[in-house]
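The values are calculated or read from the model by the stated rules, or taken from the named source; none is laboratory data. Bear in mind that the values here come from a model prediction, so they are computed numbers and not experimental data. Here the Cβ positions follow ideal geometry from the backbone for every residue, glycine too, while neighbour counts run over all protein chains shown.
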C-alpha cells in the first residue's frame, strides 16, 4: 500500500511538472525595458540580490544565477528557500520576487524533499526513494503482465 501511495505521488507530481508553465507554477520571465546602457557585472547583481534577500530575513546563500543578457535579466535562486529574484541587468532593479513552486513539486517528485527537510548533505533518501519506486514499478509491470498472460496460457492448455 505504501508503494502505491508513492507511485500516486510521483504520478501526480509528474503531471504537475508537465503542466507547470500552463498552471503558472514557476515565475514568468520578465524582460528589461532598458537597453541603452551597459550590462551590470555579475558581481553587482549578486550584491543586489544578497542585500534584498537579507532585508527579508532570508538566507542569502545563492544556488545559481541564470544570467540572460538577451532579455536583460538575471534570475537568482537561493539554496535554502524557493525564492527567485529577477533583476534588471541594466539598472539593478528587482523586477520580480516570487516562489518557485515548480521546484517544490520537483523535489516531491524525486524524493529529495525529505533530504531538504532534514538538512541531509547527501541524497540518501532520494536514492532510496527512487530505487524502491523503480523496483516497485518493475514488479507491478511484471506481475500485471503475468496476471494477463497466465490465464491465456491456462486456456490454451485446456484446449
Here is a list of conditions, (1) surrounded by fewer than 16 Cβ atoms within 10 Å (Cβ to Cβ); (2) under 19 Å from the mean Cα position of the chain (by Cα); (3) modelled with pLDDT of 90 or more, and residue 93 meets all of them except one; can you say which number that is? (2)
Looking only at segment 29-58, count every residue that is more than 14 Å from residue 72 (Cα to Cα) and under 24 Å from the mean Cα position of the chain (by Cα) and tell me the total. 9
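So that you can scan it fast, the table gives a plain yes or no per residue for (1) free of Cβ contacts under 8 Å to residues at least 12 places away in the same chain; (2) assigned to a strand (DSSP E or B); (3) at negative phi:
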residue: 11; (1), (2), (3): yes, no, yes
residue: 26; (1), (2), (3): no, no, yes
residue: 40; (1), (2), (3): no, no, yes
residue: 44; (1), (2), (3): no, no, yes
residue: 47; (1), (2), (3): yes, no, yes
residue: 77; (1), (2), (3): no, yes, yes
residue: 84; (1), (2), (3): no, yes, yes
residue: 91; (1), (2), (3): no, no, yes
Might you let me know whether segment 120-130 holds any residue that is more than 29 Å from residue 3 (Cα to Cα) and exposed (fewer than 12 other Cβ atoms within 10 Å of the Cβ)? no
Does segment 36-45 contain any residue that is within 29 Å of residue 126 (Cβ to Cβ) and either surrounded by fewer than 12 Cβ atoms within 10 Å (Cβ to Cβ) or at pLDDT 95 or above (or both)? no
Looking at (1) in a loop (DSSP other than H, G, I, E, B); (2) surrounded by 12 or more Cβ atoms within 10 Å (Cβ to Cβ), which one does residue 66 not meet, given that it meets all the others? (1)
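Hey, any hits in segment 49-62 for a residue that's exposed (fewer than 15 other Cβ atoms within 10 Å of the Cβ), at positive phi, part of a loop (DSSP other than H, G, I, E, B) and not assigned by TED's automatic domain parsing to the domain that holds residue 39? Break it down into steps so the answer makes sense when it comes.
Here is the first cut: in segment 49-62, the ones exposed (fewer than 15 other Cβ atoms within 10 Å of the Cβ) are 51, 54-59, 61.
Now restrict to residues that are at positive phi: 57.
With the extra rule that they be part of a loop (DSSP other than H, G, I, E, B), the set shrinks to 57.
Narrowing the set further to residues that are not assigned by TED's automatic domain parsing to the domain that holds residue 39 leaves none.
Checking segment 49-62: not a single residue is exposed (fewer than 15 other Cβ atoms within 10 Å of the Cβ), at positive phi, part of a loop (DSSP other than H, G, I, E, B) and not assigned by TED's automatic domain parsing to the domain that holds residue 39.
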Please go through (1) at pLDDT below 90; (2) surrounded by fewer than 15 Cβ atoms within 10 Å (Cβ to Cβ) for residue 113 and return the number of the only condition it doesn't satisfy. (2)
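Using the structure shown, decide if residue 143 is more than 16 Å from the chain's Cα centre (by Cα), closer than 27 Å to residue 18 by Cα and assigned to a helix (DSSP H, G or I).
Numbers: more than 16 Å from the chain's Cα centre (by Cα): yes; closer than 27 Å to residue 18 by Cα: no; assigned to a helix (DSSP H, G or I): yes.
For residue 143, the condition - more than 16 Å from the chain's Cα centre (by Cα), closer than 27 Å to residue 18 by Cα and assigned to a helix (DSSP H, G or I) - is not met.
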